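Notes to accompany the following structure.
The values are calculated or read from the model by the stated rules, or taken from the named source; none is laboratory data. None of the values given here were measured: they were computed from a predicted structure. Ideal geometry is used to build each Cβ from the backbone, glycine not excepted, and the neighbour counts take in all protein chains shown. For the accessible areas, the whole protein counts, side chains as well, though only heavy atoms, and no ligand, DNA or RNA atoms are used. Shrake-Rupley method; radii C 1.70, N 1.55, O 1.52, S 1.80 Å.
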Amino acid sequence: MGGWYVCRKNDAAEARLTAAESQLAAHGFRDVRRFETATHAGLLAGHIHPGPAATFAAQGEDFIAVAGTLFYDGEASAAALLRLLADLALPFDGWDRVTGHFALLACKGGRLFVLNDYFGAFHVYATPGQEVVTTSFLAAARSLPRVTFDPQGLYEFVFNATPLGESTVLGEIRKLSAFEQWTLGEGVTVHPVRKGLDARFDPEAADAKQMADRLRALAAGPVRTFGDAIQCPLSGGFDSRLVLALLLDAGVKPHVYVYGAPGDEDVAVATAIGKAEGFAVEVFDKAAYARVDPDQFAEIVAHNFHEMDGVPIDGGLFDNGGNSAARHNRARGGALAVSGAAGEIFRNYFYLRDRPFRSRDILYAFYSGFDPRDCTDAFDEAAYFDAMDAKLRRALGNASGTLTRAEVESAYPLFRCPAFFGREISMVGRFGAYFMPFFEYRMVRESIRLPVSARNHGAFQSQLLATIHPRLAGYMSAYGHSFLEPASLSHRLSEAVSLYRPPWLRRYGWRMKQAVRGRPALTPTGFMAPEYLGRVIDLTFPVMRRYFRMDRLADLTHYRRIATLEHLAARLGIS
């Protein structure tokens, strides 16, 4: 399914359902249909591009509906879903039997069960008291008479591309926690879920053959279901090449593509590999997709707003339609879109040395890309970091804030990925089936044990790629070496710049770079230029200027995200 919506039966239910029905249709979903239980009413909506994986099954009055992609015991059939429905009881803990990222809604014995994947990556939104629970952020917002911005979520969105933990940019809407599952009936039962990773390094974990076999087993279900109807990216880095190697090793002939313009390094590497291996590589240049006049821009932004649920990462509202076309292309014909995202589970993601750290050190090292002087008095830097630190420690199950080095690595899949890649999973998963093998519980559980020495410079990941497909590993990468060779000096030096800077210094790195550049006045170009952006928002930023000093901004990325929130405010009537 592309998505679903549930609301409690009361005087507001019919109006909410009508509004949600309209919103789900605006998202582009197919076959939006209603259902009812004794206490709730709801909507189920099919994928924009349905494929062979089953996402709905019913037995009598009971049913199971999956937004996103779910394989149970390696199968994505209706029979497999019914087996899951029969086995289902909350709290659910059968994660070894599940593959995929999803938001599951099941009706069993007249009650509704709500849960999502192990990491909570397919986002589920709820209004206060779980009056409304849905996979659509905009449908949740439109179910409320009034919404307001949550300053913490707002600042996290602008500075980190997405709100972290259970936050959204709106104070009245929260995401379902990875540590909760819900039963909806006469009341709401919140089932606490114990999760976590056995975050202990083990040198024996760096066995590339064993890890390769685990990856093969993980991919078996998707490969069996979709065959050659798989869309696979290829760029100049580790991750996409590893996922392509996995598919080729399984005997699949996927459709291979690369995003970029002729002459880009990723394009040059990908097309060279395709030529040598004898397969075509589609080059899709999003920026050149269409020429858009200012008079056409508002229509494209309106389309993006609904299709991407209001707040896409990095201000993806403001483009020429190329991002939307790319998403449709990857799912068209019911294909499985495969991603190499989260391949950093095999690497030293935060570029930290091999010693214990505080949870606050991770935030200072990686979540400090801002200058508080760009904000109004609404921003409290100490409170901002305190709130993020509490979210991080909750994700890690660590109350003290003193982390072993292995716990530091677990912050990537448990804290970073669910928010950042979760937004992508939740969006792309609306179009059709989506598979992100490196962000699966069974893979993360094993990779977390890799010692830092195996992670640095992609050493183990290179071995893994060479084990699965040595010929593919032998081609040049964007790092200046093949993955059969040791990391080049330039690759090592580029990582050492971060590796040997202490977190307290990295906290100020972004501000120092801005200072060195002299903070030139921001002069937005392209679709962020006034002649375009002025067609879709008020360029005086009447809402966002309460949070940001617009005259001080020097970072175009921050400006784009702020413009996204200004647009959201106008569409939702936030004054």
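Quick notes
- Subset of the stretch 1-22 (residues that are open to solvent by 20 Å² or more (accessible area, probe 1.4 Å) and closer than 14 Å to Phe137 by Cα): Arg16, Ala19, Glu21, Ser22
- Within the stretch 438-452, considering residues that are assigned to a loop (DSSP other than H, G, I, E, B) and among the aliphatic types (A, V, I, L, M), the one nearest to Lys209 (Cα to Cα): Leu450
- Subset of the stretch 367-390 [closer than 20 Å to Ala554 by Cα and either in contact (Cβ under 8 Å) with a residue 12 or more places away in the chain or among the polar types (S, T, N, Q) (or both)]: Tyr367, Ser368, Gly369, Phe370, Asp371, Arg373, Asp374, Cys375, Thr376, Ala378, Phe379
- For the stretch 294-320, a tally of residues being open to solvent by less than 40 Å² (accessible area, probe 1.4 Å) and of a type in the set (D, E, K, R) returns 3.
- Residues in the stretch 321-334 that are within 14 Å of Pro50 (Cα to Cα), open to solvent by 10 Å² or more (accessible area, probe 1.4 Å) and of a type outside the set (Lys, Arg): His328, Asn329, Gly333.
- Number of positions in the stretch 502-520 that are free of Cβ contacts under 8 Å to residues at least 24 places away in the same chain and at negative phi: 6
- The helices (runs of 4 or more DSSP H) falling completely within the stretch 483-554 that include 3 or more residues that are surrounded by fewer than 16 Cβ atoms within 10 Å (Cβ to Cβ) map to 489-499, 509-517.
- Residues being in contact with a Leu (Cβ under 8 Å, 6 or more places away or on another chain) and either in a loop (DSSP other than H, G, I, E, B) or on the phi > 0 side of the Ramachandran plot (or both) - total across the stretch 303-334: 5
- For the stretch 180-200, filtering for residues that are open to solvent by 30 Å² or more (accessible area, probe 1.4 Å), within 27 Å of Glu409 (Cβ to Cβ) and modelled with pLDDT of 95 or more leaves 2.
- Unmet requirement for Ala287, which otherwise passes all of (1) open to solvent by 30 Å² or more (accessible area, probe 1.4 Å); (2) part of a loop (DSSP other than H, G, I, E, B): (2)
- Residue check for Ala337: surrounded by 21 or more Cβ atoms within 10 Å (Cβ to Cβ), in contact with a Pro (Cβ under 8 Å, 6 or more places away or on another chain), within 27 Å of Val267 (Cα to Cα) and not hydroxyl-bearing (Ser, Thr, Tyr): no
- Among the residues of the stretch 252-263, at least one is touching an Asp or Glu at 6+ places or on another chain (Cβ under 7 Å) and charged (D, E, K, R).
- Pair list, Cβ < 8 Å and 6+ apart or interchain, from the stretch 550-574 residues that are free of Cβ contacts under 8 Å to residues at least 24 places away in the same chain and closer than 18 Å to Pro372 by Cβ to residues that are open to solvent by less than 10 Å² (accessible area, probe 1.4 Å) and in a helix (DSSP H, G or I): Met550/Met544; Met550/Ile562
- Filtering Lys275, Lys253 for residues that are surrounded by fewer than 18 Cβ atoms within 10 Å (Cβ to Cβ), under 18 Å from Ala473 (Cβ atoms), without any contact (Cβ under 8 Å) to a residue 40 or more places away in the chain and among the charged types (D, E, K, R) leaves a single hit, Lys275.
- Within the stretch 526-549, residues that are acidic (Asp, Glu) sit with their Cβ atoms under 8 Å from residues that are surrounded by 19 or more Cβ atoms within 10 Å (Cβ to Cβ), at 6+ positions apart or across chains, in these pairs: Asp538/Glu566.
- Of everything in the stretch 435-476 that is among the hydroxyl-bearing types (Ser, Thr, Tyr) and closer than 19 Å to Tyr349 by Cα, the residue that is surrounded by the most Cβ atoms within 10 Å (Cβ to Cβ) is Ser447.
- Unique residue being among the charged types (D, E, K, R), in contact with a Lys or Arg (Cβ under 7 Å, 6 or more places away or on another chain) and either at pLDDT below 95 or not in a strand (DSSP E or B) (or both) when the list is Asp377, Asp389: Asp389
- Among the residues making up the stretch 347-371, those that are outside any loop (DSSP other than H, G, I, E, B) and open to solvent by 30 Å² or more (accessible area, probe 1.4 Å) are Arg358, Arg360, Tyr364, Phe366.
- For Ala337, the stated conditions hold: it is part of a strand (DSSP E or B), touching a Phe, Trp or Tyr at 6+ places or on another chain (Cβ under 9 Å) and touching a residue at least 12 places away in the same chain (Cβ under 8 Å).
- When the residues of the stretch 23-44 are filtered to those that are under 25 Å from the mean Cα position of the chain (by Cα) and surrounded by fewer than 18 Cβ atoms within 10 Å (Cβ to Cβ), the one that is nearest to Gly334 (Cα to Cα) is Arg30.
- Tally, over the stretch 425-452, of residues that are under 17 Å from the mean Cα position of the chain (by Cα), hydroxyl-bearing (Ser, Thr, Tyr) and farther than 15 Å from Arg327 by Cβ: 1
- Test: residue in the stretch 501-513 that is of a type in the set (Phe, Trp, Tyr), more than 28 Å from Ala270 (Cα to Cα), touching a helix residue (DSSP H, G or I) at 6+ places or on another chain (Cβ under 8 Å) and at pLDDT 95 or above: no
- Residue count for the stretch 373-397, restricted to those that are open to solvent by 30 Å² or more (accessible area, probe 1.4 Å) and either basic (Lys, Arg) or farther than 17 Å from Gly165 by Cα (or both): 10
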